[in-house]
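The values are calculated or read from the model by the stated rules, or taken from the named source; none is laboratory data. Every value quoted in this text rests on a predicted model; they were computed, and no experiment measured them. We place every Cβ from the backbone using ideal geometry, glycine too, and count neighbours over all the protein chains shown.
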Amino acid sequence: MRRRLAALAVFSAIGIAPNAQAATNDPLGDLVTSVISGALPGTGVFNVKATLYHRGAKGVGSLDSLGCKVVPMRTIAVDKTLIPRRTVLFIKETVGLKMPDGGTHDGYWYASDVGGAIKGQRIDLYTGHGAASMKPMQKLNLATLTAVKVGQFKGCPPA
(Lines give C-alpha, C1' and ligand atoms only; values in the text may rest on other atoms or scores of the structure.)
Protein backbone atom coordinates (compact mmCIF):
# COMPACT_ATOMS: atom_id res chain seq x y z
CA MET A 1 0.00 0.00 0.00
CA ARG A 2 2.81 2.44 0.87
CA ARG A 3 4.48 1.68 -2.43
CA ARG A 4 1.26 2.50 -4.32
CA LEU A 5 0.77 5.73 -2.39
CA ALA A 6 4.38 6.70 -3.02
CA ALA A 7 3.91 6.07 -6.73
CA LEU A 8 0.77 8.22 -6.71
CA ALA A 9 2.68 11.02 -4.98
CA VAL A 10 5.48 10.82 -7.56
CA PHE A 11 3.01 10.96 -10.47
CA SER A 12 1.28 13.93 -8.86
CA ALA A 13 4.57 15.72 -8.17
CA ILE A 14 5.78 15.39 -11.76
CA GLY A 15 2.45 16.54 -13.16
CA ILE A 16 1.15 13.46 -14.93
CA ALA A 17 -2.41 14.18 -16.02
CA PRO A 18 -5.26 12.07 -14.58
CA ASN A 19 -5.80 10.27 -17.89
CA ALA A 20 -2.12 9.68 -18.65
CA GLN A 21 -1.11 6.23 -19.84
CA ALA A 22 1.71 4.21 -18.31
CA ALA A 23 4.83 4.29 -20.46
CA THR A 24 5.71 0.65 -19.82
CA ASN A 25 3.99 -2.65 -19.10
CA ASP A 26 4.81 -2.23 -15.41
CA PRO A 27 1.87 -3.60 -13.36
CA LEU A 28 2.43 -1.01 -10.62
CA GLY A 29 2.40 1.76 -13.22
CA ASP A 30 -0.83 0.36 -14.68
CA LEU A 31 -2.36 0.24 -11.20
CA VAL A 32 -1.34 3.83 -10.48
CA THR A 33 -2.76 4.97 -13.83
CA SER A 34 -6.03 3.18 -13.04
CA VAL A 35 -6.20 4.76 -9.59
CA ILE A 36 -5.49 8.25 -10.92
CA SER A 37 -8.08 7.90 -13.69
CA GLY A 38 -10.75 6.85 -11.21
CA ALA A 39 -11.14 3.42 -12.72
CA LEU A 40 -10.90 1.68 -9.35
CA PRO A 41 -13.66 2.08 -6.77
CA GLY A 42 -12.66 3.50 -3.42
CA THR A 43 -9.89 5.76 -4.72
CA GLY A 44 -11.81 8.97 -4.09
CA VAL A 45 -11.25 10.36 -7.60
CA PHE A 46 -13.74 9.53 -10.33
CA ASN A 47 -13.94 10.46 -14.00
CA VAL A 48 -17.67 10.29 -14.57
CA LYS A 49 -20.03 10.94 -17.46
CA ALA A 50 -22.62 13.48 -16.38
CA THR A 51 -26.23 13.90 -17.37
CA LEU A 52 -28.67 16.49 -16.10
CA TYR A 53 -32.06 15.96 -14.52
CA HIS A 54 -34.83 18.24 -13.31
CA ARG A 55 -38.05 18.09 -11.35
CA GLY A 56 -40.98 17.72 -13.66
CA ALA A 57 -39.30 15.08 -15.80
CA LYS A 58 -40.87 11.62 -15.75
CA GLY A 59 -40.02 9.81 -12.52
CA VAL A 60 -38.40 12.81 -10.82
CA GLY A 61 -40.03 14.06 -7.65
CA SER A 62 -39.19 16.57 -4.96
CA LEU A 63 -37.42 14.04 -2.71
CA ASP A 64 -34.17 12.13 -3.21
CA SER A 65 -33.56 8.47 -2.35
CA LEU A 66 -32.74 9.42 1.24
CA GLY A 67 -36.16 11.07 1.62
CA CYS A 68 -34.60 14.54 1.62
CA LYS A 69 -35.65 17.51 -0.50
CA VAL A 70 -33.63 17.68 -3.72
CA VAL A 71 -31.52 20.84 -3.85
CA PRO A 72 -30.92 22.56 -7.21
CA MET A 73 -27.28 22.44 -8.27
CA ARG A 74 -26.30 20.51 -5.13
CA THR A 75 -28.05 17.11 -5.35
CA ILE A 76 -26.31 14.44 -7.37
CA ALA A 77 -27.52 10.95 -8.26
CA VAL A 78 -24.86 8.24 -8.18
CA ASP A 79 -24.36 4.51 -8.47
CA LYS A 80 -24.18 3.74 -4.76
CA THR A 81 -21.93 0.73 -5.40
CA LEU A 82 -19.27 3.12 -6.71
CA ILE A 83 -19.93 6.33 -4.77
CA PRO A 84 -21.79 5.83 -1.49
CA ARG A 85 -24.79 8.01 -0.75
CA ARG A 86 -24.03 10.76 1.78
CA THR A 87 -20.72 11.49 0.03
CA VAL A 88 -19.70 15.10 -0.54
CA LEU A 89 -18.08 15.51 -3.96
CA PHE A 90 -16.08 18.37 -5.42
CA ILE A 91 -16.58 18.76 -9.18
CA LYS A 92 -14.15 21.34 -10.50
CA GLU A 93 -16.02 21.82 -13.79
CA THR A 94 -19.02 23.29 -11.91
CA VAL A 95 -17.05 25.99 -10.08
CA GLY A 96 -18.27 29.42 -11.14
CA LEU A 97 -21.62 28.32 -12.61
CA LYS A 98 -24.50 30.64 -11.81
CA MET A 99 -26.62 29.36 -8.91
CA PRO A 100 -30.42 29.79 -8.77
CA ASP A 101 -29.99 32.43 -6.02
CA GLY A 102 -27.64 34.47 -8.26
CA GLY A 103 -24.43 33.41 -6.52
CA THR A 104 -21.68 31.31 -8.06
CA HIS A 105 -21.18 27.59 -7.57
CA ASP A 106 -18.30 26.49 -5.33
CA GLY A 107 -18.08 23.00 -6.87
CA TYR A 108 -19.56 21.01 -3.95
CA TRP A 109 -22.30 18.43 -4.57
CA TYR A 110 -24.13 15.97 -2.29
CA ALA A 111 -24.60 12.33 -3.36
CA SER A 112 -28.08 11.77 -1.98
CA ASP A 113 -29.94 10.28 -4.92
CA VAL A 114 -29.77 7.21 -7.13
CA GLY A 115 -31.38 6.37 -10.44
CA GLY A 116 -32.12 3.26 -12.47
CA ALA A 117 -29.92 4.43 -15.35
CA ILE A 118 -27.02 5.48 -13.12
CA LYS A 119 -24.62 2.54 -13.37
CA GLY A 120 -20.86 2.65 -12.98
CA GLN A 121 -19.03 5.90 -13.65
CA ARG A 122 -22.12 7.97 -14.41
CA ILE A 123 -23.76 10.74 -12.42
CA ASP A 124 -26.91 12.85 -12.69
CA LEU A 125 -26.71 16.49 -11.66
CA TYR A 126 -29.99 17.94 -10.38
CA THR A 127 -30.60 21.36 -11.94
CA GLY A 128 -33.93 22.42 -10.39
CA HIS A 129 -37.58 22.65 -11.40
CA GLY A 130 -38.42 22.43 -15.10
CA ALA A 131 -36.39 21.89 -18.24
CA ALA A 132 -35.34 25.57 -18.32
CA SER A 133 -33.28 24.97 -15.15
CA MET A 134 -30.87 22.87 -17.22
CA LYS A 135 -29.86 25.73 -19.52
CA PRO A 136 -26.99 27.16 -17.40
CA MET A 137 -25.45 23.69 -17.14
CA GLN A 138 -26.13 22.42 -20.66
CA LYS A 139 -22.42 22.34 -21.55
CA LEU A 140 -21.92 19.68 -18.84
CA ASN A 141 -24.58 17.33 -20.21
CA LEU A 142 -22.83 14.17 -21.46
CA ALA A 143 -19.43 15.61 -20.51
CA THR A 144 -16.82 13.65 -18.58
CA LEU A 145 -16.24 15.38 -15.25
CA THR A 146 -13.76 14.88 -12.43
CA ALA A 147 -15.47 14.22 -9.10
CA VAL A 148 -13.35 14.06 -5.95
CA LYS A 149 -14.66 12.65 -2.69
CA VAL A 150 -14.05 15.32 -0.05
CA GLY A 151 -16.17 14.13 2.82
CA GLN A 152 -19.48 12.78 4.06
CA PHE A 153 -22.61 14.39 5.43
CA LYS A 154 -25.22 13.30 7.96
CA GLY A 155 -28.94 13.85 7.71
CA CYS A 156 -30.06 15.74 4.62
CA PRO A 157 -27.84 17.87 2.38
CA PRO A 158 -27.87 21.58 3.20
CA ALA A 159 -30.34 23.59 1.13
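Structure summary
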read-out: Residue list for segment 108-151, filter: under 17 Å from G67 (Cα atoms) and surrounded by fewer than 16 Cβ atoms within 10 Å (Cβ to Cβ); value: G116
read-out: Residue list for segment 70-107, restricted to those being of a type in the set (S, T, Y) and buried (at least 17 other Cβ atoms within 10 Å of the Cβ); value: T75, T87, T94
read-out: Any hit, segment 34-47, residues being buried (at least 20 other Cβ atoms within 10 Å of the Cβ), modelled with pLDDT of 85 or more and more than 26 Å from D101 (Cβ to Cβ); value: yes
read-out: Test set (1) charged (D, E, K, R); (2) modelled with pLDDT of 85 or more; (3) out of contact with any Asp or Glu (no Cβ under 9 Å at 6 or more places or on another chain) - R3 fails condition number; value: (2)
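Residues are listed down the side, and each one gets a yes or a no for (1) under 20 Å from L63 (Cα atoms); (2) among the charged types (D, E, K, R); (3) within 10 Å of the chain's Cα centre (by Cα):
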position	(1), (2), (3)
M73	yes, no, no
T87	yes, no, yes
L97	no, no, no
H105	no, no, no
Y110	yes, no, yes
G115	yes, no, no
L125	yes, no, yes
G128	yes, no, no
